1. Within the group Gly69, Gly93, Gly16, which residue is crowded, with 19+ Cβ neighbours inside 10 Å and closer than 21 Å to Glu326 by Cβ?
2. Can you pull out every residue in the stretch 20-32 that is more than 17 Å from the chain's Cα centre (by Cα), surrounded by 15 or more Cβ atoms within 10 Å (Cβ to Cβ) and assigned to a loop (DSSP other than H, G, I, E, B)?
3. Would you confirm, using the coordinates I've provided, whether Ser17 is of a type in the set (Ser, Thr, Tyr), touching a Gly at 6+ places or on another chain (Cβ under 9 Å) and either part of a loop (DSSP other than H, G, I, E, B) or modelled with pLDDT of 95 or more (or both)?
4. Look through the stretch 128-155, keep the residues that are out of contact with any Ser or Thr (no Cβ under 9 Å at 6 or more places or on another chain) and among the hydrophobic types (A, V, I, L, M, F, W, C), and return whichever of them is surrounded by the fewest Cβ atoms within 10 Å (Cβ to Cβ).
5. Looking at Met320, is it over 21 Å from Ile341 (Cβ atoms) and either in a helix (DSSP H, G or I) or at pLDDT 95 or above (or both)?
6. Looking at the stretch 33-88 only, could you name the residues that are under 15 Å from the mean Cα position of the chain (by Cα) and within 30 Å of Arg340 (Cα to Cα)?
7. Say whether the condition of being closer than 24 Å to Thr137 by Cβ and touching a strand residue (DSSP E or B) at 6+ places or on another chain (Cβ under 6 Å) is met by at least one residue in the stretch 89-103.
8. Of the residues that make up the stretch 252-262, is at least one at pLDDT below 95 and part of a helix (DSSP H, G or I)?
Amino acid sequence: MTKKSNIHLLPTTVVGSYPQPDWLVDREMLSKGVPRTRMHALWRVEEPYLEQAQNDATILAIRDMERAGIDIITDGEIRRESYSNRFANSLDGIDDKQPAMVISKAGLETPIPRVVGKIMRTHAVEVKDLQFLKANTDRQCKITLPGPFTLGKQAKDEYYHDDEAMVMDFAAAVNAEALALQAAGADIIQFDEPWLRQDPDAANRYAVKAINRALQGLTIPTVIHLCFGYAAVVKGQKPTGYSFLPGLSDSIAQQISIEAAQPKLDLGVLSDLAGKKIMLGVLDLGTHAIETPEQVADRIRAGLKFVRAENLIPAPDCGMKYMPREVAFGKLHALAQGARIVREELD
């Protein structure tokens, strides 16, 4: 489709995921956590019909984002069991049949990818997803990939015995996919790196090096997304600051996406990212209460105290995968309306 011009201030976007329909996935199973390995049992539709069902659900997500008034959209990550597991388990060097088991912070036994050989990308994973998105919308299209640091932290190394070497190979694999997505016409590529805050010591040693390797050769806008975890999975009070945020000023990504609404982030930290565009989380995904446009506008105005309007991109805090669809749509509609209020004040 021919793209609509998107030149206004405060363009709205989503972080990535949108709720999958109940007829497509077992949402009770989904609610148990964030899969690191493939979870084929999650899908309610049998394999011969699964792609067709995913196509239909993806169109529903696209239309919801369009109807809500969002400027830069994704495919809702409808074909994924989680933001990271589909890509991670497509790589050579991963044994996806015999995963490693770890105990999560919640005390649950969790299967994770087991690295048994050199990490390499041998085929496209998300190019068809992007092509489908582009064929079904006239909005700007963003595609998301798990970042290399997070991929390394979600895997059990039984081959490298060197975390940095493993992460750098994950970075090369992510880069190969990102370059293919750029060639296929992506308008924006986002790397999801929620684990940067989980291990700031390792992040300080090699995260930016790995991220920059993953970004190598990309000429379209790029984003690094940080968060404190899905609100539906991470219960309780979230921190009010990021330990690694200043380090990202050295990355070559043009945009940094941060969760700010639910944790009531001290927005003064944004001054550490001068020169970057900020995707500012202004929708609290820790509650099913739908914000009013004026509440969203107030959060955007708070961001404008630290970031120039031309560098601010209002967004949800995180992916919306775990929310009821009607709540997600209502929040996105409020996001678009709140941005419009502030945009008119700036004109």
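The values are calculated or read from the model by the stated rules, or taken from the named source; none is laboratory data. Remember, predicted model here, so these are calculated numbers, not experimental data. Note that each Cβ is placed from the backbone with ideal geometry, even for glycine, and that neighbours are counted across all protein chains shown.
1. Answer to the selection: Gly16.
2. Passing the criteria: Pro21, Leu24, Asp26.
3. Yes, satisfied.
4. Once the filter is applied, the top-ranked residue is Ala135.
5. yes
6. Ile72, Ile73, Thr74, Asp75, Gly76, Glu77, Ile78, Tyr83
7. no
8. Within the stretch 252-262 (the criterion being at pLDDT below 95 and part of a helix (DSSP H, G or I)), the answer is no, since none of the residues qualifies.
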